[in-house]
Amino acid sequence: MLAEYKKYRKASVEFHSKVVETEQISRETIEDAAKLLGFMQNGRMVLNSDRTIDILFDFLIYDYQIDGKKVIEKFQDNYQHENKIEKELLSAMLNSYTSFFLVEKITEQKVQLYDLINENRIDNFIDLNLIKTGRENLMIFLRLLKFQNFSMTSGVPFVFTDTSAEKLLSEYKNRKKGILLVDDDIKSFIACKKMYDEKGSPTFYKKIK
């Protein structure tokens with residue numbers, strides 16, 4: 001299963017780039033998304049790390065809307081997949097969702113997560129970073145992509161350690177209420193990003209190549 005995961009993880013990075021290049025996302029659109037996420041200072045984008053760039057483009061691809069459609073949905077309208085992996089990736093991306101997850105168990109092969117919002121268990125989640133450097137009882141906001149044999153993140157986890165699940169979800173819901181936008185997915189990502197900026201654990205979830 002790990003070999004399959006690595007193949008799909010590598011393909012997903014390349015496919016995300018293909019989505020951005022194909023849709024030719026304008027500078028104005030990127031700046032608008034950056035403003036929503038708090039990446040604009042004095043009228044200029046401030047993207048001071050690879051992670052901030054990853055966060056911005058994850059939001060752009062999956063949540064941000066152009067003419068009433070998410071970027072990944074617009075991409076689907078005119079794209080013909082080149083192989084089986086691309087077909088499965090596109091399907092998983094279109095059906096992906098974000099939630100807060102509790103890390104229940106970590107083994108050498110996979111992670112068992114509990115979805116705190118939807119109240120269900122994910123038994124076949126794979127993330128090498130989490131397997132090698134994480135620990136049980138972490139709470140993570142992530143975008144889940146499901147495949148036949150496993151699930152994985154889109155690549156931008158937000159980790160929280162110094163709070164309870166009850167307090168985390170309560171603040172998350174209150175923050176969403178204060179965001180005056182219509183789309184629930186956009187509100188969810190913005191609310192979590194702001195919480196992460198203030199209370200997240202950026203150094204806990206180390207990056208493993």
Could we say that Glu28 is within 21 Å of Ile190 (Cβ to Cβ), among the acidic types (Asp, Glu) and surrounded by 14 or more Cβ atoms within 10 Å (Cβ to Cβ) here?
no
Could we say that Glu119 is at negative phi, surrounded by fewer than 17 Cβ atoms within 10 Å (Cβ to Cβ) and over 17 Å from the mean Cα position of the chain (by Cα) here?
no
Set Ser151, Ser170, Ser164: member being within 28 Å of Ser49 (Cβ to Cβ) and small (Gly, Ala, Ser)
Ser151
Flagged pairs (Cβ under 6 angstrom, 6 or more apart or on separate chains; first in the range 178-189, more than 10 Å from Thr98 (Cβ to Cβ) and of a type in the set (A, V, I, L, M); second modelled with pLDDT of 95 or more and surrounded by 14 or more Cβ atoms within 10 Å (Cβ to Cβ)) are Ile179/Lys187; Ile179/Ile190; Leu181/Lys187; Ile186/Asp63
For Glu108, only one of the following conditions fails: (1) out of contact with any strand residue (DSSP E or B) (no Cβ under 9 Å at 6 or more places or on another chain); (2) in the same structural domain as Ile25 (by TED's automatic domain parsing). What is its number?
(2)
What residue, among those in the range 105-115 that are of a type in the set (D, E, K, R) and not in a strand (DSSP E or B), is surrounded by the fewest Cβ atoms within 10 Å (Cβ to Cβ)?
Glu108
Counting only residues that are acidic (Asp, Glu) and surrounded by 15 or more Cβ atoms within 10 Å (Cβ to Cβ), which one in the range 33-61 is nearest to Tyr97 (Cα to Cα)?
Asp58
Candidate set: the range 116-155, residues that are outside any strand (DSSP E or B), modelled with pLDDT of 95 or more and of a type in the set (A, V, I, L, M); chosen: the one nearest to Phe189 (Cα to Cα)
Ile117
Checked pairs for the range 42-59, first more than 23 Å from Arg143 (Cα to Cα) and without any contact (Cβ under 8 Å) to a residue 40 or more places away in the chain, second surrounded by 10 or more Cβ atoms within 10 Å (Cβ to Cβ) and among the aliphatic types (A, V, I, L, M), C-beta under 6 Å and 6 or more apart or across chains, list as Met45/Ala34
Just to be sure I understand the filter: pairs with C-beta atoms under 9 Å, separated by 6 or more residues or on different chains, first member in the range 5-19 and farther than 16 Å from Leu60 by Cα, second member among the aromatic types (Phe, Trp, Tyr) and outside any helix (DSSP H, G or I). Which pairs pass?
Tyr5/Phe147; Tyr5/Phe150; Tyr8/Phe147; Tyr8/Phe150
Of everything in the range 19-54, what is under 30 Å from Asp123 (Cα atoms) and not β-branched (Val, Ile, Thr)? Give them in sequence order.
Asp50, Arg51, Asp54
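The values are calculated or read from the model by the stated rules, or taken from the named source; none is laboratory data. Quantities reported herein were computed from a predicted structural model and do not represent experimental measurements. Note: ideal-geometry Cβ built from the backbone for every residue, glycine included; neighbour counts use all protein chains shown.
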